[in-house]
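The values are calculated or read from the model by the stated rules, or taken from the named source; none is laboratory data. Computed from a prediction, not measured in an experiment: that's the story for all the values here. In this analysis, Cβ positions are derived from the backbone assuming ideal geometry, glycine residues included, and neighbour counts consider all displayed protein chains. These accessible areas exclude ligands, DNA and RNA; they are computed on the full protein's heavy atoms, side chains included. Shrake-Rupley method; radii C 1.70, N 1.55, O 1.52, S 1.80 Å.
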Amino acid sequence: MDTGNNNYIKTILKGNFLPYGQNFPGNVPPTGRFSNGKIVPDFLASALGIKDKVPPFLDPNLSDEELVSVCFASAGSGWDDLTTMMTKVITADKQIDMFKDYIKRVKGIIGDEKKGMKIINDALVVISSGTNDFGYNFYGIPTRRFQYTVDRYQDFLLLRLQSFVKALYELGCRRIVIAGLPPMGCLPLQITAKIQIPLDRKCLEDQNSESKAYNDKLSNLINQLQALLPRSKIVYADIYSPLLDMIQNPKKYGFVETNKGCCGTGLLEVAFLCNPTRPVCQNPSQFIFWDSLHPTQSAYEFLTKHFPLLLLSQMASINLLIIIITFLQILIIIFFFNTAYCDIIKFPSTILIFGDSTVDTGNNNYIKTLANGNYLPYGQDFPGHIPTGRFSNGKLLPDFIASALGIKAEAVPPFLDPNLSDDQLLSGVSFASSGSGFDDLTTLASKAIPVSKQIKLFRDYIRRIKGIAGDEKTKKIISASLVIISAGANDFIFSFYDIPTRRLEFSVGGYQDFLLDRLQSFVKELYELGCRKVIIAGLPPIGCLPIQMTLKIENPLHRKCLEDQNSDAQSYNHKLSKLIGQLQPSLPCSKIIFADIYQPLIDMINHPHEYGFVETKRGCCGSGLIEAAYLCNPTTPTCGNASQFIFWDSIHPTQSAYQFLTQYLEIEILPKLLLHQSR
């Protein structure tokens, strides 16, 4: 994505005039970005705490500090030099020359040849090009179509791409992300050029099919390239799927218009045709496309959210610094001068879970407790249809997260399973116990393992890992592991609202503070034992749990969420978020993230149809009003389709709800954890 390099060359493809940039922050003049505001590199750099916007390399006023993140892209460029002949933009080969100049400047700043090369080795390069080649040279002006079939032109471009990657490798780049083509047949300009009936605008299936074929070839080529280039990590980034999903499901993203741009008629305006004399739509955030080719700031923001975890999960075997994704142009490179930081972040290969039934994958099977879920219908949709002790119809949040990160192929095992293998231990386990909480009083009746006692299990785990891997490697495993803590709901349900033991001692605010004090002590213990990356989940909307509604609603036909309990949960979450902000500075080199599960869950409850749900106020098991644990048993009937229910029993979400919560964590939480460091 070109952030303004074309401003400094003689070309007709410029975007440094209004209405381009009309929504860019700071009321600055148009920057040369082909959108109404920020583009993907800006959003990622901002999210990663580097800077608010990424400058173009050709900016003559670039300072040394600004070289921390620069863009070499040129709007209108491509792999085929013929693509740039008319527009006079910067070819792929010339961008390599710019990169060589960049390396010289970096080495001059660092003052050390080896350290300069180390920065290039550690940088992550993102390449995205090819759209203009097809748009200008094959579909639009059919110059190459006289020479090649579409299949042969794909091969021609991929050969150029291969040479480009090898040139980067020779210059020291080792970590490379290559984006595929978008759904070209859905670009407004392409639709305009081909659709004979103006009112019947729809994506061109032939061009989309050819984009997918190119992407398949690119993915295969990347596998071959990686094998040829030692110590490299090359990853394919699919931008086709997220953009097509926006186009096919616009309401999910808040869009209204999908097949024309915001500028002018939206049918053909781009570059100089989208100029200060052209009218624009009133609300660009409702449009996927800004002009007839380029997405709006809103669409770029959604694309930005899509990519970090996808790429992280595929690059799990390397240490990551910074990731920037480009969309239609050709090269962006970003790195950290990491001298002021604790350590280079390592991607977690181990996951460690603490808490209650939301994350207990089966520990309660091995203790004497009433809180068991190791019988049907629990687990009826788990792989193999086996009840495992998970309080749901299938997988839980830890299983989905571990799978998304490439840590576990299927599921996270419970630590108390006596048959755990060394490999299972090394990649992580759950110490959680259903019915648990931060308050030891919560577990008195159920005999579950309180969070405070789960730390003892963790100490046992560390001893076992030392026996497998040795002391030094164990320290690295623990410090690089991803820790997830999810508890607190049982404390309020069993010790405050339903059985008011603690309500005799505390106000709701006082009890919140009591629990948060216990949580703080727990996190400090984990830190002392070597944990550095921690996600702490807040409370869900407790007042929307079916069991809570059943106990408080006088009219069974008029079931609705309990606003007082939901308000208490939000208040607790606010305090927790504030506590984390205070806690992290006191724990050097840690990264502690608050995971707000309240908002995504309440959104599912308030807008069920957007997620495919039908039932929000009762569980799938039995009547759905009171059944949980032993009341949800093999004799209890269940609903026909659990995926239409948010809740499995009267307390716990279904597998489908957990999947949506995982998607939220992937987009909103994990990138912050994995890409930020404490100084």
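Which of the residues spanning the stretch 632-665 are at pLDDT below 95 and open to solvent by 50 Å² or more (accessible area, probe 1.4 Å)? Answer for the stretch 632-665, where residues must be at pLDDT below 95 and open to solvent by 50 Å² or more (accessible area, probe 1.4 Å): GLY640, GLN659, PHE660, GLN663, TYR664.
Please list, ordered by residue number, the helices (runs of 4 or more DSSP H) wholly in the stretch 384-492 having 1 or more residues that are over 21 Å from ALA371 (Cβ atoms).
On the way: elements: 397-404, 422-427, 451-469, 471-480, 489-492.
The qualifying helices (runs of 4 or more DSSP H) are 397-404, 422-427, 451-469, 471-480.
In the stretch 203-220, is there at least one residue being assigned to a strand (DSSP E or B) and surrounded by fewer than 20 Cβ atoms within 10 Å (Cβ to Cβ)? There is no residue in the stretch 203-220 that is assigned to a strand (DSSP E or B) and surrounded by fewer than 20 Cβ atoms within 10 Å (Cβ to Cβ).
Step by step: first the residues of the stretch 118-129, then only those that are in contact (Cβ under 8 Å) with a residue 12 or more places away in the chain and in a helix (DSSP H, G or I), then the one that is surrounded by the fewest Cβ atoms within 10 Å (Cβ to Cβ). Which residue is that? Before the answer, list the steps.
We begin by selecting, within the stretch 118-129, every residue in contact (Cβ under 8 Å) with a residue 12 or more places away in the chain; these are 119-129.
Keeping just the survivors that are in a helix (DSSP H, G or I) gives 119-122.
Working: ILE119: 19, ILE120: 20, ASN121: 13, ASP122: 20.
For the stretch 118-129, the residue satisfying everything is ASN121.
Quick one: would you say SER586 is over 26 Å from the mean Cα position of the chain (by Cα) and at pLDDT below 95? Spelling it out, SER586 is indeed over 26 Å from the mean Cα position of the chain (by Cα) and at pLDDT below 95.
Does any residue of the stretch 590-599 turn out to be open to solvent by less than 60 Å² (accessible area, probe 1.4 Å), farther than 26 Å from GLY373 by Cβ, of a type in the set (A, V, I, L, M) and in contact with a helix residue (DSSP H, G or I) (Cβ under 6 Å, 6 or more places away or on another chain)? Yes: the stretch 590-599 contains one or more residues that are open to solvent by less than 60 Å² (accessible area, probe 1.4 Å), farther than 26 Å from GLY373 by Cβ, of a type in the set (A, V, I, L, M) and in contact with a helix residue (DSSP H, G or I) (Cβ under 6 Å, 6 or more places away or on another chain). THR149: modelled with pLDDT under 90 and among the hydroxyl-bearing types (Ser, Thr, Tyr), yes or no? Judged against the criteria, THR149 is not a match.
Of everything listed in (1) modelled with pLDDT of 95 or more; (2) over 30 Å from the mean Cα position of the chain (by Cα); (3) not hydrophobic (A, V, I, L, M, F, W, C), the single unmet condition for PRO183 is (2). Looking at the stretch 50-73, can you tell me whether even one residue there is at pLDDT below 90, touching a Leu at 6+ places or on another chain (Cβ under 7 Å) and in a loop (DSSP other than H, G, I, E, B)? Looking through the stretch 50-73, none of the residues is at pLDDT below 90, touching a Leu at 6+ places or on another chain (Cβ under 7 Å) and in a loop (DSSP other than H, G, I, E, B). If you go through the stretch 516-562 and pick out every residue that is more than 21 Å from ALA657 (Cα to Cα) and in contact with a Cys (Cβ under 8 Å, 6 or more places away or on another chain), you end up with 1. Scanning the stretch 235-249 for any residue that is modelled with pLDDT of 90 or more, over 24 Å from TRP79 (Cβ atoms), in a helix (DSSP H, G or I) and acidic (Asp, Glu) turns up at least one such residue. Scanning the stretch 528-540 for residues that are touching a helix residue (DSSP H, G or I) at 6+ places or on another chain (Cβ under 9 Å), open to solvent by 10 Å² or more (accessible area, probe 1.4 Å) and not aliphatic (A, V, I, L, M) yields GLY530, ARG532, LYS533, PRO540. Among the residues of the stretch 600-627, those identified as within 14 Å of ASN641 (Cβ to Cβ) and open to solvent by less than 40 Å² (accessible area, probe 1.4 Å) are PRO608, PHE613, GLY619, CYS620, CYS621, GLY624.
So which residues in the stretch 339-367 are open to solvent by 30 Å² or more (accessible area, probe 1.4 Å) and either modelled with pLDDT under 95 or not in a loop (DSSP other than H, G, I, E, B) (or both)? I'd like the intermediate steps shown before the answer.
The initial filter retains those residues of the stretch 339-367 that are open to solvent by 30 Å² or more (accessible area, probe 1.4 Å), namely 339-344, 346, 349, 358, 365-367.
Result: THR339, ALA340, TYR341, CYS342, ASP343, ILE344, LYS346, SER349, ASN365, TYR366.
Only residues that are within 30 Å of THR11 (Cα to Cα), among the basic types (Lys, Arg) and either in contact with a strand residue (DSSP E or B) (Cβ under 7 Å, 6 or more places away or on another chain) or not in a loop (DSSP other than H, G, I, E, B) (or both) were counted across the stretch 78-117, and they come to 4. For the stretch 250-277, taking the residues that are in a helix (DSSP H, G or I) and without any contact (Cβ under 8 Å) to a residue 60 or more places away in the chain, the one that is farthest from ALA193 (Cα to Cα) is identified as TYR253. Which of the residues that make up the stretch 130-187 are under 16 Å from THR83 (Cβ atoms), out of contact with any Ser or Thr (no Cβ under 6 Å at 6 or more places or on another chain), surrounded by 19 or more Cβ atoms within 10 Å (Cβ to Cβ) and hydrophobic (A, V, I, L, M, F, W, C)? The answer is PHE134, PHE138, LEU157, LEU161, PHE164, LEU187. Can you spot a residue in the stretch 492-510 that is crowded, with 19+ Cβ neighbours inside 10 Å and more than 17 Å from GLY435 (Cα to Cα)? No, because not a single residue in the stretch 492-510 is crowded, with 19+ Cβ neighbours inside 10 Å and more than 17 Å from GLY435 (Cα to Cα). Within the stretch 541-563, the presence of a residue that is open to solvent by less than 20 Å² (accessible area, probe 1.4 Å), under 30 Å from PRO348 (Cα atoms) and touching a strand residue (DSSP E or B) at 6+ places or on another chain (Cβ under 7 Å) is excluded. One residue stands out in the stretch 279-295 among those that are part of a loop (DSSP other than H, G, I, E, B) and under 21 Å from ALA75 (Cα atoms): the one that is nearest to the chain's Cα centre (by Cα), namely HIS294. The residues of the stretch 415-438 that are of a type outside the set (S, T, N, Q) and surrounded by fewer than 24 Cβ atoms within 10 Å (Cβ to Cβ), listed by number, are LEU416, ASP417, PRO418, LEU420, ASP422, ASP423, LEU425, LEU426. When restricted to residues that are farther than 19 Å from ARG175 by Cα and loosely packed, with under 15 Cβ neighbours inside 10 Å, the stretch 98-108 contains 3.
Against the definition (of a type in the set (Gly, Ala, Ser) and open to solvent by 10 Å² or more (accessible area, probe 1.4 Å)), how does ALA445 come out, yes or no? Taking the combined requirement at face value, the residue satisfies it.
Kindly establish whether GLY379 is in contact with a Lys or Arg (Cβ under 7 Å, 6 or more places away or on another chain) and free of Cβ contacts under 8 Å to residues at least 60 places away in the same chain. It is true that GLY379 is in contact with a Lys or Arg (Cβ under 7 Å, 6 or more places away or on another chain) and free of Cβ contacts under 8 Å to residues at least 60 places away in the same chain. Taking the criterion of being among the small types (Gly, Ala, Ser), open to solvent by less than 10 Å² (accessible area, probe 1.4 Å) and in a loop (DSSP other than H, G, I, E, B), the residues of the stretch 24-49 that qualify are GLY32, SER35, GLY37. Pairs are defined by a Cβ separation below 6 Å, a sequence spacing of at least 6 or placement on different chains, a first member in the stretch 25-41 that is in contact (Cβ under 8 Å) with a residue 12 or more places away in the chain and within 25 Å of ALA179 (Cβ to Cβ), and a second member that is assigned to a helix (DSSP H, G or I) and open to solvent by 30 Å² or more (accessible area, probe 1.4 Å); the pairs so defined are GLY32/ASN7; SER35/GLN297; ASN36/GLN297; GLY37/GLN297; LYS38/GLN297.
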